[in-house]
Amino acid sequence: MTDTSTSTSMQNQSKDRPSTGGGASGSLARLETDKGVTSISEDVVGKIAAIAAREVEGVESLGGAISGALSSVVGRIRGDEHKTAGVGVEVGTKQAAVDLSMTIRYPASIMDVTGAVRQNVIDRIETMTGLEVVEVNIAVNDLAFPGGDQDQNTGRVE
Amino acid sequence: MPADADPRPPSPVDVARVVADAARSHDDVVDLDAGLAGEFATYGLGDRVPGVRVEVDRDGRTQVHLRLVVRFGRPLPDIGDEVRSRVAAGLDSAAEPDVHVHVADIVDDHAELDHPGAP
């Protein structure tokens, strides 16, 4: 659908996804000092991405469509509601990649909003975690109208 | 190892309690996190300190592991460093421990966050 995987920091395809060390599942950002290690869990990076995306005017909500349905089920199981619905992150020791799906508020320019989201997500993650964000893919899968009936069934029959 | 003639070294729970207090004294630390099942803790006589593990490794060096819930906003590595030095200062033992800080969760105060892309 409307995948704005075009602009700015996008390389074609996900060719340089972050190099997740060796340790598979326990993937987290690590910063070693001579007095101990600071590590950041993948969930934390995902939450930062979610908060950063919502900070942008014109973003109605995250999630939606299939990915939203899936992650909200996962979210409900894990008990954190839709905190990180619509957000996928891949975190290595030094880099991160982010996938977002979202609903945008109607007359806003999709390109402008997604551009601002991409920039804010990159800024937030990079300043807060020290990770380099190699890509932010954004899938816009719905529009919200000020009238607010975007979720209702618009079929002709009742 | 210069393991001085310490009459009675503090027990892991004693150390963990000091560590937990030091970590909580930081403004950006909302809480300590004991893990999904609450298993991440230091256990001792009649007490349990969640979110902290104190271990002594093979070289006799104290390794402190902390799981933190942090407030959204400031750079996490900075918070980690500050917590690390507070913990070290709180312990002031000769054999200064390694302090490993894990940011397990982050909370958004829902306060004004309207400064996108701060400098």
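The values are calculated or read from the model by the stated rules, or taken from the named source; none is laboratory data. Treat the numbers as computed from the prediction; the structure is a model and nothing was measured. A quick note on method: Cβ atoms are made from the backbone with ideal geometry, for glycine too, and the neighbour counts reach across all protein chains shown. All accessible areas refer to the heavy atoms of the entire protein, side chains included, with ligands and DNA or RNA removed. Shrake-Rupley method; radii C 1.70, N 1.55, O 1.52, S 1.80 Å.
Observations
- Unmet criterion (only one of (1) at pLDDT 90 or above; (2) out of contact with any Gly (no Cβ under 9 Å at 6 or more places or on another chain)) for residue A:39: (2)
- Pair list, Cβ < 6 Å and 6+ apart or interchain, from region B:66-92 residues that are open to solvent by less than 60 Å² (accessible area, probe 1.4 Å) to residues that are among the hydroxyl-bearing types (Ser, Thr, Tyr): B:75/A:127; B:76/A:129; B:77/A:38; B:80/A:38
- Per-region count, region B:93-108, residues buried (at least 21 other Cβ atoms within 10 Å of the Cβ) and outside any strand (DSSP E or B): 1
- Residue A:128 being in a helix (DSSP H, G or I) and touching a Leu at 6+ places or on another chain (Cβ under 7 Å): yes
- Residue, most open to solvent (accessible area, probe 1.4 Å), within region B:41-65, restricted to residues that are assigned to a loop (DSSP other than H, G, I, E, B) and closer than 17 Å to residue A:37 by Cα: B:61
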